[in-house]
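Q: Take a look at the following structure, please.
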Amino acid sequence: MIIPKHYYIVVLMITNERQYRITRKKAAQFAREIESFDEASNQSSNVHPRLLRAELDAMRSQLADLRDELKEYEELKSTDPSAISVESVEDLAEGLIKYRISSGLSQRALAKRLEVKEQQIQRYEATRYESASYQRLCEVSRALGMNWRHAEMPGGVRPQHPVETIVAGVRNQARRDSGQWMFVDIGFAMKRSSCGIAINDSQPRDVHYGDLAPCIANVLESDKMPLNLLIEAPLSIAFNASGNPTGRSIEKKNGNTRYWFQGAGAVVLLATMHLVKNLYDMRPTREVRLFEGFASFKQKETRSSHADDVSNLRRVAWGEHDKGKIVEAETLKMRDDDILVSSFSVLGMDMGIPAVVVADDS
């Protein structure tokens, strides 16, 4: 038996989505190699058992390191930036990187704020700002809105960034009494009323796409309690270990598929990205919880209705689970090594992966 030597990997802090995808792929491959190595070692007679055990322990240690890096990145993305503090100069470089990630700001977006190339930010972070001057560190801190000592602006007041107020909704928040509700069935047409909308328990109505953003703005000004915004559109996207688009668990049923990244779903995704960008630019001061709605598996003889979709999704969100179900983000993957990302991360607006309200009329 020949013991493989290619698996030793230097694990560094993950700083962007590309590194995250690569590390996920490596971890999945590593797990498979450990399994096959373990099986082969049981059948080997020409290698000392202690050597085999040492090699296997080293491989498992490497896999644990990879998984720790993945977990750290995932947790940073869901951490409130105000929780990131820097107490010493030695901690500053890593603190800047962590603060950027937890703020939902991509390396490209930070580069744009500093008016430098994205590759410069990548080099800074890869070397932990080793070559950056004191002035540059100050500029990066200001671009992030971060104070080195307490991660807040002088005087203890730090204006809220939209990423802090727009968050992914979770299953236990899908209750009628958890806040104000707005249900949107999104379409993208030039002349037709291609969208459905309902606010709280109001009668659903059809509106034009251009009416949605002003309507959301009016709702935001009407109250201070959390706004649960459910949009019948893809708010997350899955990629397989090879980086190709793949389906989510909700998009396959009884041998049929309704993949959001195909056909009309791509148009809906485009419309949603523009709508959420409008919401982002509104800089809401109240919490906005995003929920995804999914009502794509309809009976063939049933005529599509935006108002009906809104009504059905509202019933499920408010507890009528015989009409559908609520799916947590953790169960959206069809395979363990799939990579699930926010649909808006490409715009530097990663608000996390929302729970999905699935309406089922079959």
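Q: Filter segment 256-270 down to the residues that are farther than 17 Å from Ile231 by Cα and touching a strand residue (DSSP E or B) at 6+ places or on another chain (Cβ under 7 Å) and list them by number.
A: Residues satisfying the conditions do not exist here.
Yes/no matrix, rows are residues, columns are (1) surrounded by 21 or more Cβ atoms within 10 Å (Cβ to Cβ); (2) among the hydrophobic types (A, V, I, L, M, F, W, C); (3) in contact with a His (Cβ under 9 Å, 6 or more places away or on another chain):
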site: Ala295; (1), (2), (3): yes, yes, no
site: Glu328; (1), (2), (3): no, no, no
site: Val341; (1), (2), (3): no, yes, no
site: Val357; (1), (2), (3): yes, yes, no
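Q: So, in segment 61-89, of the ones that are over 19 Å from the mean Cα position of the chain (by Cα) and of a type in the set (D, E, K, R), which residue ends up modelled with the highest pLDDT?
A: Asp65
Q: Quick one: in segment 188-211, which of the residues that are in a loop (DSSP other than H, G, I, E, B) and aliphatic (A, V, I, L, M) is nearest to Ala264 (Cα to Cα)?
A: Ala189
Q: Do the conditions hold for Gly255, that is, is it in the same structural domain as Gly187 (by TED's automatic domain parsing), free of Cβ contacts under 8 Å to residues at least 24 places away in the same chain and on the phi > 0 side of the Ramachandran plot?
A: yes
Q: Please go through segment 334-362 and pick out each residue that is farther than 20 Å from Leu76 by Cβ and in a strand (DSSP E or B).
A: Within segment 334-362, Val356, Val357, Val358, Ala359 meet the criteria.
Q: Let me ask you something else. If only one of Arg335, Arg315 is farther than 30 Å from Tyr20 by Cα and of a type outside the set (A, V, I, L, M, F, W, C), which one is it?
A: Going through Arg335, Arg315 in turn, the sole match is Arg315.
Q: Which one is farthest from Leu340 (Cα to Cα) among residues in segment 220-253 that are assigned to a helix (DSSP H, G or I) and under 25 Å from the mean Cα position of the chain (by Cα)?
A: Top of the filtered list is Leu220.
Q: Just to verify a result, which residue in segment 90-119, among those that are without any contact (Cβ under 8 Å) to a residue 24 or more places away in the chain and surrounded by fewer than 18 Cβ atoms within 10 Å (Cβ to Cβ), is farthest from the chain's Cα centre (by Cα)?
A: Glu90
Q: Taking only segment 120-146 into account, find how many residues are closer than 23 Å to Tyr280 by Cα, surrounded by 20 or more Cβ atoms within 10 Å (Cβ to Cβ) and not β-branched (Val, Ile, Thr).
A: The total comes to 2.
Q: When you scan segment 187-201, how many residues do you find that are at pLDDT below 95 and surrounded by 13 or more Cβ atoms within 10 Å (Cβ to Cβ)?
A: Residues meeting the conditions: 6.
Q: May I ask you to verify whether Asp322 is surrounded by fewer than 18 Cβ atoms within 10 Å (Cβ to Cβ), over 21 Å from Leu105 (Cα atoms) and either modelled with pLDDT under 90 or polar (S, T, N, Q) (or both)?
A: Yes: the conditions hold for Asp322.
The values are calculated or read from the model by the stated rules, or taken from the named source; none is laboratory data. Model, not experiment: these values are computed from the prediction. Reconstructed Cβ throughout: ideal geometry from the backbone, glycine too, with neighbour counts over all protein chains shown.
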